[in-house]
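Since every read-out is calculated from the coordinates, none of them should be taken as a lab result. Small disclaimer: the values here were computed from a predicted structure and weren't measured. Cβ sites come from the backbone with ideal geometry, for glycine too, and all protein chains shown count toward neighbours.
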Amino acid sequence: MRIPLSPRLLSCSSFVHTGDRVADIGCDHGYLGIYLLTEGIAASVIASDVNEGPLQSALKNADKYGVRDRMSFYLSDGVRNIPRDFDVMVCAGMGADTMISILDAAPWLKDSAYRLILQCQSKTPMLRQYLDLQGWYIHKETVLRDGRFLYTVMEVVYQPDHTCLLPWEYHFPPALLINPVPETAEYYQQICTRLRRAVMGRGENTDTETLQTLQALEALSDTPKLHWLKEETK
Ligand SMILES: C[S@@+](CC[C@H](N)C(=O)[O-])C[C@H]1O[C@@H](n2cnc3c(N)ncnc32)[C@H](O)[C@@H]1O
């Protein structure tokens with residue numbers, strides 16, 4: 001029986017190491033955890049959701065795919081009511097505001113024992129800024145296409161002495177250029193286009209930060225990796 005895992009969640013799963021104990025926060029249908037168990041990737045999965053309906057559907061699906069005994073289920077706002085014995089927390093399909101409120105409520109996550117895998121649906125630059133200022137280091141990030149949209153998935157570790165991001169890097173962090181994929185160039189173009197539109201729309205009233213971000217990103221266009229990617233995707 002094939003698990004109906006979206007490309008978004010498949011990309012999240014690729015950040016999980018074999019033997020990881022995973023906490024899937026906002027698990028909804030539970031497919032990510034189920035996939036990680038049936039593929040022999042995760043050792044165990046905590047599936048939690050703030051709403052009863054999704055949690056019940058995760059339970060039903062875990063039964064259906066025969067992994068109920070290796071999953072535990074919690075009704076919880078963020079990580080408030082879940083046990084702390086996991087290695088990696090996945091938050092996927094949520095906006096930056098929700099992710100930030102989950103992290104703000106759990107300072108105990110700021111520990112090198114934990115990794116975070118985050119797939120943010122909206123206001124991603126705001127999330128990157130928050131993480132950066134809170135001592136979290138985005139050490140991997142990738143771009144993927146799911147349907148008509150491009151998304152990123154990032155892996156974050158607590159490393160308060162990391163080199164801080166520059167403001168324009170909240171929009172396009174260096175981690176995206178470590179192992180770029182063809183979608184990285186598309187993502188870059190999309191961000192530049194959005195910023196150019198914002199600048200054109202506001203004319204002389206454009207704030208300095210937007211203008212400087214656009215200039216810094218445009219200058220990046222000639223870095224060898226992006227140049228190569230853009231040529232590859234033409
Ligand atoms: C759009 S779904 C995403 C489901 C799945 N993670 C995915 O990416 O396909 C968001 C899920 O997060 C849950 N959720 C929203 N806020 C939450 C919070 N503060 N704590 C836990 N779960 C939350 C919702 O109930 C919903 O099931």
About its Cα centre, what dipole magnitude does region 183-232 give when the only charges are +1 on Lys and Arg Cβ and -1 on Asp and Glu Cβ, stated in debye to the nearest 20?
140 debye
How do 138-149, 181-192 rank on mean C-beta neighbours within 10 Å, highest first?
181-192, 138-149
In terms of the Cα gyration tensor, with a ≥ b ≥ c the square roots of its eigenvalues, is region 183-232 rounded because a/c is under 1.5, prolate because a/b exceeds b/c, or oblate?
prolate
Return the whole-Å distance between the Cα centroid of region 78-100 and the Cα centroid of region 136-204.
21 Å
Among DSSP beta bridges lying fully in the chain, give the percent that are antiparallel, nearest 5.
40 percent
Along the positive direction of the dipole of the chain (beta-carbon charges: Lys, Arg +1; Asp, Glu -1; about the Cα centre), which of N51, G135, Y114 reaches farthest?
N51
In debye, nearest 20: dipole of the chain around its Cα centre with unit charges on the Cβ of K, R (+) and D, E (-)?
500 debye
What size of dipole, in debye to the nearest 20, comes out for region 26-139 about its Cα centre when the only charges are +1 on Lys and Arg C-beta atoms and -1 on Asp and Glu C-beta atoms?
100 debye
Using θ = phi - 60° and Karplus 6.51 cos²θ - 1.76 cosθ + 1.60, couplings along region 108-122 (whole Hz; Gly, Pro as x)
5, 6, 6, 7, 5, 6, 10, 10, 10, 10, 10, 10, 9, 8, 8
Which residues does a label at E218 reach in region 182-200, if reach means a backbone N under 14 Å from a point 7 Å past the Cα toward the Cβ?
192-200
Need one number: convex hull volume per residue for region 1-152, Cα atoms only, in Å³.
106 Å³
Amide H neighbours of S72 under 5 Å, at least 5 residues apart or on other chains, H built in the peptide plane: list them.
V45, I46, A47
What net charge is computed for the residues neighbouring D111, neighbours being all others with C-beta under 14 Å from the C-beta of D111, Lys and Arg scored +1, Asp and Glu -1?
+1
